[in-house]
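Engineer: Here it is: the structure, laid out below.
Only the coordinates and a few stated rules stand behind these numbers; no lab work does. All figures in this text were calculated on a predicted structure; none of them were measured in a lab. Here the Cβ is made from the backbone with ideal geometry for all residues, glycine too, and neighbour counts use every protein chain on show.
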Amino acid sequence: KSIEVLKKIENRNLSNIRILHTKNQGLALTKNIGAEKARGEFIAFVDADDMVEPHYFSKAVYVLQRYGNVDLVYSWMQYFEESKGMWLTWNAEFPYILGHNMISPLAVIRRHSFLNGARNKPDIKPGFEDYESWIELLKQGGVGVSLPFCLVRYRVRKDSMYRSTTYNSHLYV
């Protein structure tokens, strides 16, 4: 169904939308290719089954435009479907990020910050590529800011990629 929707969008020849065609190379390389091909100053990766509030991007971009030292912005996250919990995020700091991921995967990041310090590594176990990228970015002096509002929604399913991770996988990263 997604392929059909993409074809319809592509056939409209909209100047502000590009659809890239690549073979399946895994999540990490796909994100890297998307960032390389993007034209904007900021990028965000949103999985097809997650959602953002209508004003999330404008709030995140406002912070990035106002504070040149900030590399990425993210918000608290509301779970939905098989969980009703919340993921409260915090301003990311090194070394605290090593003990707990304070950054939601639905972050808005400066494109050059991603390309120069937070590219996803294909050898990282799926489900942790974002976390590892945030660690790398902060290790290089990057700054992450949390918006203390629930502006993104994260679908929780027992068969999701992240749910298949183990405690030992967390420790490895």
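Engineer: Counting only trypsin sites (Lys or Arg not before Pro) that are in a DSSP loop and have at most 11 other C-beta atoms within 10 Å, tell me the longest site-free stretch of the chain. Don't jump to the answer; show the numbers that get you there.
Structural biologist: Working: sites that count: 1, 12, 18, 23, 39, 84, 158.
It works out to 85-157.
Engineer: Would you please classify the overall shape of the range 61-149 from the alpha carbon gyration tensor, given that a ≥ b ≥ c denote the square roots of the eigenvalues, rounded means a/c under 1.5, and beyond that prolate means a/b larger than b/c while oblate covers the rest?
Structural biologist: Numbers: a/c = 1.68, a/b = 1.16, b/c = 1.45.
Since a/c reaches 1.5 but b/c is at least a/b, the shape of the range 61-149 is classed as oblate.
Engineer: Based on the Cβ-Cβ distance from residue 88 to residue 58, what FRET efficiency comes out when R0 is 25 Å, to the nearest 0.05?
Structural biologist: Approximately 0.70, to the nearest 0.05.
Engineer: Please list, in chain and number order, the residues 5+ apart from residue 152 or on another chain whose amide H is under 5 Å from its amide H, with Hs placed from the backbone.
Structural biologist: Counting only residues 5 or more places away or on other chains, the set is 53, 78.
Engineer: Return the calculated 222 nm mean residue ellipticity for the chain, to the nearest 500 deg cm²/dmol, obtained by summing -39500 (n - 2.57) across DSSP H runs with n ≥ 4 and dividing by the residue count.
Structural biologist: One gets -9500 deg cm²/dmol as the mean residue ellipticity at 222 nm.
Engineer: Taking only C-alpha pairs under 8 Å that are 6+ residues apart, what is the relative contact order of the range 21-168 in percent? Don't jump to the answer; show the numbers that get you there.
Structural biologist: On the way: 241 pairs, mean separation 51.6, N = 148.
Computed over the range 21-168, the figure is 35 percent.
Engineer: Whole-Å semi-axes of the chain's equivalent ellipsoid, largest first, each the root of 5 times a Cα gyration tensor eigenvalue?
Structural biologist: Numbers: eigenvalues 115, 82, 64 Å².
Each semi-axis is √(5λ); the values are 24, 20, 18 Å.
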